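What follows is a single structure, written as structure tokens, with notes after it.
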């Protein structure tokens, strides 16, 4: 199995606050990791954790699975619970470390992409103070099956991890529907609802634009569709603009274009007759 060093630029430093008498703020160098790992190869990288609390802290690191529910809520699952679970192939060391007040420590992660991998694998790295695990009913030695991961996540933080196998990755998407929603009131205010589906085998972070055009194809308005994450086989509903737009009656067209990286992955145009 070949090894590579992940080139991951950590541009943001997040400080997460927990309102508890037993622990305070923890800093982490990133809350998401996207890496490309060919089948049969291994990459390594680092996460940096900082204790901003005034007391020392035993920080426990645990890989787990996650998924997004239909309502948009993210939930954590025990490791190796999903078909596309990354947890059997990710290792973080050390698994637990004592952080003194103000101290930063590097944690090394290793992702070994299996030979049979296709598309993408994903998971999460959950970090929680040991005293919180015990306080919530876990033992001093273990946590598995003793305390809900989602309960633990309320007192820690989660780093999401996506590993893409490049030779088999097929990013694709489809706009299932694009329709106006009248918001009511005296004015004719409209929002536009876009339903996007990930039809490929890799997670996507698409972004794009939505245009509103008159019968001569002249632009009435244009809105950015901000980057959002979506797993394979899932769909997301986006509505723009937040406050609605006043539109004249008669014919208009709306066109939505979504891109992932440099590639266009979905486009939809509809003609409308407004009252």
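Any read-out appearing in this document is the output of simple, stated calculations on the displayed coordinates, not a laboratory observation. Quantities reported herein were computed from a predicted structural model and do not represent experimental measurements. Here the Cβ positions follow ideal geometry from the backbone for every residue, glycine too, while neighbour counts run over all protein chains shown.
The order of 161, 240, going from fewest to most other C-beta atoms within 10 Å of their C-beta, is 240, 161.
Relative contact order of the range 34-113, taken over Cα pairs closer than 8 Å and 6 or more residues apart, is 46 percent. Between 111, 252, 61, the GNM of the chain built on Cα springs shorter than 10 angstrom shows 252 fluctuating the most. Dividing the summed helix terms, -39500 (n - 2.57) for each DSSP H run of n ≥ 4, by the number of residues in the chain produces a 222 nm estimate of -1000 deg cm²/dmol to the nearest 500. Three principal axis extents describe the C-alpha atoms of the chain; from largest down they are 68, 46, 32 Å. Our summary gives the range 167-275 a relative contact order of 29 percent, counting only alpha carbon pairs under 8 angstrom and 6 or more residues apart.
Going highest first, how would you order 215-221, 262-268, 189-195, 152-158 by mean Cβ packing within 10 Å?
For the peptides 215-221, 262-268, 189-195, 152-158, the packing ranking is 152-158, 189-195, 262-268, 215-221.
Full extension of the chain segment joining residue 242 with residue 267 gains 6.9 nm, where the gain is 0.36 nm per residue of separation less the Cα-Cα distance. The overall shape of the range 173-274 is prolate: from the C-alpha gyration tensor, with semi-axes ordered a ≥ b ≥ c, the ratio a/c is 1.5 or greater and a/b exceeds b/c.
Normalised by the residues of the chain, what does the relative contact order come to in percent, with Cα pairs under 8 Å and at least six apart?
For the chain, the relative contact order is 15 percent.
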